[in-house]
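The structure appears right after this line, and notes come after that.
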Amino acid sequence: MPVLVLALAALFAIGDAEWVRAQVSAPLVNSVTIRGQKRIELQAIQGRLTLKASDRLTPDALREQVKILYGTGYFEDVQVETDSADGGVAVGFIVREKPFITEIVFDGNEELSDDKLKEKITIKSQTFLDQQQAKESAEKIRLAYQEDGFYNCQVIPVIQAVDEDRKRLTYFIKEGTKAKVRRINFEGMRAVTKEEVFKVTATREWIPWYGIITQMKIPSLLSDAGVLKREELGNDIERIREVYLNKGYLNVQISQPTLELSDDKKWFEIGYSVVEGEPFIVQEVGFRGNTVFEDHELREGLGIRPGEIFQRAKIRGEITRITDLYGAKGYVFSDVVPNVTPDNSARTATITLNVKEGEMMRIREIHVTGNDKTRDNVVRRELRLDEQDVIDTLALKRSFQRLNNLNFFETVEILPQQVDVDKVDLNVKVKEKPTGQFSIGGGFSTLDKLVAIADITEGNLGGNGWLGRIRGQLGQQRSLGLVTFRNPYVNDSYNALQLDIYRSMTNYISYFESKSGASATWSRWLSEYVNGSISLFGEQLKYSDPQEGLCPDLIPLICRQLGTQSSTGFRTSLFRDTRDYYLDPRTGWRFSLGVDYGTPALGGTNHFFKYYADVIKYTPLIYDTRFSVHVRYGQTEGIGGRPIPLTERFFVGGINTMRGFVFGRAGPVTPNGSLLGSAKELIFNNDFIFTISSEAKLNGVFFFDYGNGFDDNEPVQINKLRSAAGFEARWISPFGPLRAAYGINLDPRPTERMGVFEFTIGSLF
């Protein structure tokens, strides 16, 4: 063997001149063997080799076989052994397999999930380790974090032994901190402020937590201010340009932004260069292509006047106004294309609104799809259009609102599809969501202790749009049972019928109330937004003294009503509701009036009169915020010298009336803190509502409540209204609406708590 090895070494050193002689004198291969493999089948390796028995053994042939073995990607080392045997040479390849990766693990990743990181890497488990691929995958992980704003992220790949043959590849990740936008500079910007720009741009400056006080802005901890959105930078340029166009700067030029990352890789600084030019004045507004409407008809309500500063937003408003005019007459495919002709020397602009009227469209057919459970008629009765009607875009919008307000559907689409020159099919596409709901809720205070509420509701019984509800409440102070059935459209008419059966038991400390009753309510839609109702009710009431000695002297108002009594009569109401979306309104009003009359003429013992008014208005503000004002007034009186039934009194306090107060305790109470109820109530609820996450349908509310309940002979006085402020979270969750509120009593009395927390929770079945 040593001789043969020396011969082979000599062969490797042979010059080109002796190559042919070397080939002729090279020994013959007797056999080729492979040793050292563990996971790779021998046949799979041998099938790759080109060196066979009876071949001449040359240096080139050996080099080629070693190259082939390394090229498989399976081995980290290949050795060659040769030995003389039977007049030839036995060639043996000794291989050492690369580590076999059975598992890939990520350690330290909190911002990016394992699944997302697996999508980024090229190396896979259950394969042999490729060191280069492992390093490339580490770099891909780092770049993924960089795309998400983590510029100082570190990724270290480490091979760990599971056992002798199996290895684990672990990527140790140190995420670091996310780089924020500390400052955005606008060189040359004079006519526009940063605040105006940041109202429209996707990328804004970081706002520290104290900015809520110093700048009256929502801090970045609760918003996306300071987040660099690279994919939106190009759109931000157009958004900034739009701000200038709305101030008349038609020739404004805005550069591509420059980005500088701080040395610690924690902060960005962005720079824009702005050449503003001069503002333009509107010289004239004209129309072209209109035949359905005369020019003077289109000019009625025109929001653009010659002589004023040019504003792009007003043009968009005019486009919407004109297309709505045409849409109301059936020209649903009309279009308005503006043409702005600037005069740079005079700095004026002529606006021409080119109208493409199209054809007046009628509805041929209405198709409803996606309603697997809900019957067609339930959907169709909410539509404000019918087959053969001239299509009306305003009626389409109202139909969309009404279908959404049913709360039966996750999504609603109403799409006109042209099927003829003057015909469209109306395609109503809905995606149903669960309408059965199991809700639980409660509240806690040192006085009321824990109160639990359970509610089983099906809002779309049998797909007919009928409501069925069973509600129960259990607590140390109050218990309630309620069964409700409602048919909102009897025989698809504008009439509705509701039946209620209920029983309650309430411990007011100074007295114990037991109530059983039923009511039947008939209501009717009087117009698109106005509804009226009348109810016939009957109740059996029992008031008892929970403690001996409280009566007759301590609380005369209560003591004279102890025993059994009954109430029968009518409850009427009239309301108007223009809110865009009942669960989370942005705009609109809700106004209601109610009058209740209890009369012995129907068999009851009580005689009383009760009336109330309830108004709430939603006003949209910037940044998807809105403000709501809710005003309530109510009064109840006994007739013919009879007292006001205790059950007809108002109880002011709690999450649905005055937050920051325990139920009923924003009104009259006994010296020992027992509830008396009020003969009158006046409540103002002021809510500033902001969106925390539109995708999750999560809102935050800063509230200020102002109100009180007043006793029988006590006049309503504004200076006696009590106040509370606090924060509320509202979540329209997949499990139903959720509210959690913490209110602070701004002027607590000695027996009252300063703060009260209450919540309601829902879950679907």
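The values are calculated or read from the model by the stated rules, or taken from the named source; none is laboratory data. Nothing here was measured: the structure is a model prediction, and the numbers come from that model. Every residue, glycine as well, gets a Cβ built from its backbone with ideal geometry; the counts of neighbours run over all protein chains shown.
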query: Across the stretch 124-146, what is the total count of residues that are closer than 14 Å to Ile156 by Cβ and either among the aromatic types (Phe, Trp, Tyr) or not in a helix (DSSP H, G or I) (or both)?
result: 1
- prompt: Does the stretch 469-485 hold any residues that are over 21 Å from Arg739 (Cα atoms) and within 28 Å of the chain's Cα centre (by Cα), and which are they?
  reply: none
field: Inter-residue pairs, beta-carbon under 6 Å, first over 30 Å from Ser255 (Cβ atoms) and in contact (Cβ under 8 Å) with a residue 12 or more places away in the chain and in the stretch 157-185, second outside any strand (DSSP E or B) and of a type in the set (D, E, K, R), 6+ apart
entry: Glu175/Glu111
field: Single residue of the stretch 345-375 satisfying the filter (farther than 25 Å from Ile319 by Cβ and among the polar types (S, T, N, Q)) that is surrounded by the most Cβ atoms within 10 Å (Cβ to Cβ)
entry: Thr374
- prompt: Looking at the stretch 634-652, which of its residues are surrounded by fewer than 21 Cβ atoms within 10 Å (Cβ to Cβ) and of a type in the set (S, T, N, Q)?
  reply: Gln635, Thr647
- prompt: Here are some conditions: (1) crowded, with 17+ Cβ neighbours inside 10 Å; (2) out of contact with any Ser or Thr (no Cβ under 9 Å at 6 or more places or on another chain); (3) aliphatic (A, V, I, L, M). Ile94 meets all but one. Which one does it not meet?
  reply: (1)
- prompt: Do the conditions hold for Ser544, that is, is it modelled with pLDDT under 90 and surrounded by fewer than 16 Cβ atoms within 10 Å (Cβ to Cβ)?
  reply: yes
query: Within the stretch 289-307, how many residues are surrounded by fewer than 12 Cβ atoms within 10 Å (Cβ to Cβ) and under 27 Å from Val252 (Cβ atoms)?
result: 2
- request: Answer with yes or no whether Val379 is more than 19 Å from Thr320 (Cβ to Cβ), buried (at least 17 other Cβ atoms within 10 Å of the Cβ) and either touching a Gly at 6+ places or on another chain (Cβ under 7 Å) or not charged (D, E, K, R) (or both).
  value: yes
task: Could you check the stretch 236-317 for strands (runs of 3 or more DSSP E) lying wholly inside it with 1 or more residues that are outside the structural domain of Tyr145 (by TED's automatic domain parsing) and free of Cβ contacts under 8 Å to residues at least 40 places away in the same chain?
output: 258-261
field: Qualifying residues in the stretch 147-167 (those that are in a loop (DSSP other than H, G, I, E, B) and surrounded by 14 or more Cβ atoms within 10 Å (Cβ to Cβ)) - the one nearest to the chain's Cα centre (by Cα)
entry: Asp148
task: Mind listing whichever residues of the stretch 277-296 are of a type in the set (Asp, Glu) and within 18 Å of Gly358 (Cα to Cα)?
output: Glu294, Asp295
field: Filtered residues of the stretch 584-641 (kept if of a type in the set (S, T, N, Q) and under 30 Å from Gln540 (Cα atoms))
entry: Ser592, Thr599, Thr605, Asn606, Gln635, Thr636
task: Please determine, by comparing only the residues of the stretch 78-91 that are touching a residue at least 60 places away in the same chain (Cβ under 8 Å) and in contact with a Ser or Thr (Cβ under 9 Å, 6 or more places away or on another chain), which one is surrounded by the most Cβ atoms within 10 Å (Cβ to Cβ).
output: Val91
